[in-house]
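The values are calculated or read from the model by the stated rules, or taken from the named source; none is laboratory data. If you're wondering where the values come from, they're calculated on a predicted model, not measured in any experiment. As a convention, Cβ positions derive from the backbone with ideal geometry for all residues, glycine included, and neighbour counts pool all protein chains shown.
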Amino acid sequence: MSLSKTQGIFNFSKMKDIEKSYLVKLGATIIAAIISGIISGVFYEKDGDFNGTMSTNMGFLIWFTVTLGLTYWIKYRYDMGEWNDKRIFRHGVFMGFINYLFFWTVTFNFVHGPF
């Protein structure tokens with residue numbers, strides 16, 4: 001990715017489609033993580049006791065759904081050349097997953113809080 005040549009996201013329109021798709025997936029993953037953290041935090045408060053399995057499963061389901069949906073959207077929105085669906089799905093999935101876990105954990109702890 002040559003973000004230094006295009007000066008980051010400020011020149012998004014000048015980037016190659018592969019670079020755009022990576023940033024779109026990363027941004028959507030962060031937004032989904034924040035929403036998922038809020039939902040998980042609310043369910044944690046509602047139950048009164050720790051229901052970690054349900055919250056965790058819901059979080060992973062949201063992450064997988066967002067990633068899979070973005071795969072098909074990116075395939076039709078951007079020119080990915082010879083890339084097939086599996087390669088588009090794997091494109092940035094590890095970094096997206098790490099960011100998802102981080103933002104989901106931070107948001108969950110903020111919503112649930114020590115109060």
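Of everything in the stretch 72-98, what is modelled with pLDDT of 75 or more, in a loop (DSSP other than H, G, I, E, B) and not charged (D, E, K, R)? Give them in sequence order.
Scanning the stretch 72-98 gives Y78, M80, G81, W83, N84.
Scanning for something modelled with pLDDT of 80 or more, farther than 30 Å from S13 by Cβ and either touching a strand residue (DSSP E or B) at 6+ places or on another chain (Cβ under 8 Å) or not β-branched (V, I, T) (or both), does the stretch 41-51 turn up at least one residue?
No, there is no match, as no residue in the stretch 41-51 is modelled with pLDDT of 80 or more, farther than 30 Å from S13 by Cβ and either touching a strand residue (DSSP E or B) at 6+ places or on another chain (Cβ under 8 Å) or not β-branched (V, I, T) (or both).
What tally of residues in the stretch 71-115 results from selecting those that are surrounded by 12 or more Cβ atoms within 10 Å (Cβ to Cβ), polar (S, T, N, Q) and over 15 Å from A32 (Cβ atoms)?
Total satisfying the criteria: 1.
Residues that are at pLDDT 80 or above, of a type in the set (A, V, I, L, M) and part of a helix (DSSP H, G or I): does the stretch 99-106 have at least one?
yes
Between a residue in the stretch 38-63 that is surrounded by 11 or more Cβ atoms within 10 Å (Cβ to Cβ) and in a helix (DSSP H, G or I) and any residue that is of a type in the set (D, E) and at pLDDT 70 or above, which pairs come within a Cβ distance under 9 Å, given they are 6 or more apart or on different chains?
none
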